[in-house]
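The values are calculated or read from the model by the stated rules, or taken from the named source; none is laboratory data. All values reported here derive from a predicted model rather than from experimental measurement. Neighbour counts are summed over all protein chains in view; Cβ atoms, including those assigned to glycine, are modelled from backbone coordinates with ideal geometry. Just so you know, the surface numbers come from the protein's heavy atoms only, side chains and all, with ligands and any DNA or RNA stripped out. Shrake-Rupley method; radii C 1.70, N 1.55, O 1.52, S 1.80 Å.
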Amino acid sequence: MPAADAPPVYRLLGSRIPYVEGPLKVTGRAEYTDDIQRPGQLVGRLLRSPWPHARLRSIDTTEARALPGVAAVLTGERYPTPFGVLPITHDETAIAVGKARYIGDIVAAVAAVDERTAEEALAKIRFDVEPLPEYSDPRTGTEKVAEPIHARGLAGSNVQKEVVQHFGDVDAAFARAAHAVRVRGTFAGVTHAFTEPLATIAEATPDGRLTVWSATQVPHYLHRALSEVLGLPMHRIRVVKPEVGGGFGGKSDPLPHEIACAALALETGRPVKMLLDREDVFYTNHGRHPTFNDVRIACDADGRLLGYDIEALIEGGAWSSFGTVTTYYNGVLAMGPYRVPNFRYRGRRVYTNRPPSGAMRAHGGTNIRYSIEVALDRLAEELGVDPFDLRERNALPPNSTTVNEFRITSTSFRECLAAVRRASGWEGKWRKLPLGRGVGLGCGFYISGSNSPIHFTPKMPQSTVHLKVDMDGGIAVHSMQADIGQGSNTLLAAIVAEVLGVDLDRVHVQRVDSDVSPIDLGSYSSRVTFMMGNAARTAALQLREKIVRGAAGLLHAAPEELEVAHERIRWRRRPEEGVSFLEALHAAMENEGALTASGAYQSKPMGGTFKGARAGTAPAYSFSAYVAEVDVDLETGAYRVPKVWAAFDCGRPLNRLAVEGQIEGSIHMGLGQVMGETMSYRGARLFNPSLLEYKIPAPQQMPEVEILLVGADDPEGPFGAKEAGEGPLIATLPAVGNALYDAIGCRFTELPITPDRVVRAREQRRKEGRPWKGA
């Protein structure tokens, strides 16, 4: 329902709404997967490959099966059906079949009476393997190889996906350009580092049903994958999502351990719990792709952008995961927030014998945005203009279309630029602070939900919300949207309460349970606020109509003569007269019993007709402009970020508390990638699979953040809202990179930017005899 139909002033929405589950979480009473205990529960454990690439000639489980207390031992041949989050790239198996593809690949699973017995059983499994060539560098996998990691690699290579797109005439644009710059970016892989480890419980019961409790962002996709791999119809499988302690994309695939755990439950007829330790989580990964990108940007003498020419080589690890989408996103998400009339992109995603890469917060849009924003700063320097002025000159206008046919509805990008320029005191700082201190600008653009669903059959809405209210006046809300800590349950409750005019404590969001929750596609691609929010509003409006009709009968009025107020239904022209919400509800129930309502959301068809046209299309987009300030120790190269000013366009912020929390968390995550986080490898072996060695920013490294929520209502968003879950991360990285250039005169195109790299860059500048700020 368009925001224009909503009342202009909201009682709840737009304020700072505490999370409805907050009291349970802070008192330790919220139930996570690991808190659940089932009678007769077994312990599930996984055996992981020590080989980067090996053919599994034989596996002997005789000794392991004979061990007292062992209930089941599984290898890949028992459930060999491949799966994956995208139906076009099913190349994962619950347990390795035929060969192991990376150090950490699951090669066997055990269920036993206790942890010690399970670990002892794993140690008794014997393998006969044939070592195969190791491919740990994606650059070596772009041509035909001796032993492809997957048979589906293109033309005998390890290339999983190649995308080639060209709009306009890029060569002609560069030929007539007054200025052109080039940035070659190199980005290490990073992982999600969510707090709650991966955990699953599965129970097969005598009635022929299987119940799976799991820490997942995508209950519906897990439901589908369990059915496909285990050979059970979906109606015999029940998926329950308890509370989830963070995901950031790392729980947005159906994962092998979830299916292995369910398989063990089927084999034993007993409940099985599988709690992964942190090392297991690192090997499961699905984090941000290590990337090499090459960005060329051309403009005319007035600073008008003429064209982009982009190449990206991204390392996929052992499986496809979301990789096909990521390969497209590395190109198409370069299209905003600027108008680009000519665009060419070639992207390749290459399998390697390393843990799989996948969807991590703002996947596909983060690394390419860094290179583009650094290139734009270089272009501004060549032109002799302020970086803000260059970006403002090229900003996408509202109600426009990009060259690759993205539909842009609302955008307050220019307002973001103006707000952050003013708040940061840019004019008095840029190029004016002493050596070692600087400010930098970075901008961003991201989707508010993927317009195109992953599964095309059967056709169904992308989000559905059911409401039920009975004589007690409590409103039960059912939806398969996955709250993973971002506050979507609170938003769901607040939207229903807003439309019905009731207190928030009347609204009870039910736990996700596939037996009773209508399908929502899950928590990924920043889709929940837009899609679930619209579905919830539609359902609440249906329910409101029924309750208003009940009040109309009591007041002897026509429904259109009445309006909803706080816990009341009243006359529009005599607002002092009316009935209570409960009175109206009971009247509405008189002949119908409990009232129910259902709302659904399906985005409109959009995009072109060329191959890959749907990739990156969205019902709306968020926009951002950040300024970061840095302070560099000129001797050691260590630096800190004392403050970030973050202007963000999420349309109307429906819960300011949640939006501000998402922006602050995104900045922390972005700082981790730019300042030091990296998955460190020697060949195919991961050297830091623990939070002791994988360094996320400490609390004292978190800067002061000034948040500027700038945005007009989106015409199609629920109450005018757009996403604020992933987009807030993107601008952080280039803002810091460009601030370092302002501070010490060194451009950085390899992330993370660690102190040793800062020292080496300064030494190189001195050797070249290029002073900066007088030094």
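Tabulated values for the structure
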{"item": "Qualifying residue in region 657-664 (condition: over 18 Å from T529 (Cβ atoms) and open to solvent by less than 10 Å² (accessible area, probe 1.4 Å))", "result": "no"}
{"item": "Test: residue in region 618-633 that is out of contact with any helix residue (DSSP H, G or I) (no Cβ under 6 Å at 6 or more places or on another chain), assigned to a helix (DSSP H, G or I), open to solvent by less than 10 Å² (accessible area, probe 1.4 Å) and modelled with pLDDT of 95 or more", "result": "no"}
{"item": "Residue match in region 245-258 (condition: under 23 Å from the mean Cα position of the chain (by Cα), surrounded by fewer than 23 Cβ atoms within 10 Å (Cβ to Cβ) and at pLDDT 95 or above)", "result": "yes"}
{"item": "Matching option when the condition is among the polar types (S, T, N, Q), surrounded by fewer than 24 Cβ atoms within 10 Å (Cβ to Cβ) and assigned to a strand (DSSP E or B), among T211, T200", "result": "T211"}
{"item": "Which listed residue, of A3, A30, A108, A64, is modelled with pLDDT under 95, at negative phi and open to solvent by less than 30 Å² (accessible area, probe 1.4 Å)", "result": "A3"}
{"item": "Any hit, region 206-214, residues being of a type in the set (S, T, N, Q), over 20 Å from G76 (Cβ atoms) and in contact with a Cys (Cβ under 9 Å, 6 or more places away or on another chain)", "result": "yes"}
{"item": "Residues satisfying the stated conditions in region 676-706, i.e. open to solvent by 40 Å² or more (accessible area, probe 1.4 Å) and among the aliphatic types (A, V, I, L, M)", "result": "L691, L692, I696, M702"}
{"item": "Filter result for the condition that a residue is among the hydrophobic types (A, V, I, L, M, F, W, C) and in contact with a Phe, Trp or Tyr (Cβ under 9 Å, 6 or more places away or on another chain), over M669, M702", "result": "M669"}
{"item": "Hey, G307 in contact with a Lys or Arg (Cβ under 8 Å, 6 or more places away or on another chain), over 24 Å from S450 (Cα atoms) and surrounded by 24 or more Cβ atoms within 10 Å (Cβ to Cβ) or not", "result": "yes"}
{"item": "Leading residue by the ranking (surrounded by the fewest Cβ atoms within 10 Å (Cβ to Cβ)) among those in region 87-102 that are in contact with a His (Cβ under 9 Å, 6 or more places away or on another chain) and part of a loop (DSSP other than H, G, I, E, B)", "result": "P87"}
{"item": "Residue within region 174-196 that is open to solvent by 70 Å² or more (accessible area, probe 1.4 Å), farther than 26 Å from A362 by Cβ and outside any strand (DSSP E or B) present", "result": "yes"}
{"item": "Residue check, A597 buried (at least 23 other Cβ atoms within 10 Å of the Cβ) and touching a helix residue (DSSP H, G or I) at 6+ places or on another chain (Cβ under 6 Å)", "result": "no"}
{"item": "Top-ranked residue of region 601-612 - restricted to ones that are in a loop (DSSP other than H, G, I, E, B) and within 21 Å of the chain's Cα centre (by Cα), ranked as farthest from Y370 (Cα to Cα)", "result": "Q602"}
{"item": "For G141: the one exception among (1) within 28 Å of the chain's Cα centre (by Cα); (2) open to solvent by 10 Å² or more (accessible area, probe 1.4 Å)", "result": "(2)"}
{"item": "Looking only at region 653-697, and only at residues there that are hydroxyl-bearing (S, T, Y) and within 28 Å of T140 (Cβ to Cβ), the one that is nearest to the chain's Cα centre (by Cα)", "result": "T678"}
{"item": "Subset of region 582-609 that is at pLDDT below 95 and in contact with a Ser or Thr (Cβ under 6 Å, 6 or more places away or on another chain) - its residue that is farthest from A476 (Cα to Cα)", "result": "G607"}
{"item": "Subset of region 528-560 [within 19 Å of A618 (Cα to Cα) and open to solvent by 10 Å² or more (accessible area, probe 1.4 Å)]", "result": "V528, T529"}
{"item": "Of all residues making up region 115-136, the number that are within 18 Å of R65 (Cβ to Cβ) and in a strand (DSSP E or B)", "result": "3"}
{"item": "Close pairs from region 273-296: first outside any strand (DSSP E or B), partner among the basic types (K, R), Cβ under 7 Å, at least 6 apart", "result": "Y283/R48"}
{"item": "Lone unmet requirement of (1) touching a residue at least 12 places away in the same chain (Cβ under 8 Å); (2) surrounded by fewer than 20 Cβ atoms within 10 Å (Cβ to Cβ) for T205", "result": "(1)"}
{"item": "Residue match in region 156-172 (condition: in contact with a helix residue (DSSP H, G or I) (Cβ under 6 Å, 6 or more places away or on another chain), more than 30 Å from R296 (Cβ to Cβ), assigned to a loop (DSSP other than H, G, I, E, B) and open to solvent by less than 10 Å² (accessible area, probe 1.4 Å))", "result": "no"}
{"item": "Some residue of region 336-348 being within 21 Å of the chain's Cα centre (by Cα), within 16 Å of A735 (Cβ to Cβ) and of a type outside the set (A, V, I, L, M)", "result": "yes"}
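Residue by residue, here is whether (1) in contact (Cβ under 8 Å) with a residue 40 or more places away in the chain; (2) farther than 22 Å from S525 by Cα; (3) among the polar types (S, T, N, Q); (4) not in a strand (DSSP E or B) holds:
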site: H668; (1), (2), (3), (4): no, no, no, yes
site: T678; (1), (2), (3), (4): yes, yes, yes, yes
site: L691; (1), (2), (3), (4): yes, yes, no, yes
site: E706; (1), (2), (3), (4): yes, yes, no, no
site: A724; (1), (2), (3), (4): yes, no, no, yes
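So that you can scan it fast, the table gives a plain yes or no per residue for (1) more than 21 Å from Y283 (Cα to Cα); (2) of a type in the set (K, R); (3) outside any loop (DSSP other than H, G, I, E, B):
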| position | (1), (2), (3) |
| --- | --- |
| V43 | no, no, yes |
| R55 | no, yes, yes |
| I59 | yes, no, yes |
| P68 | yes, no, no |
| T81 | yes, no, no |
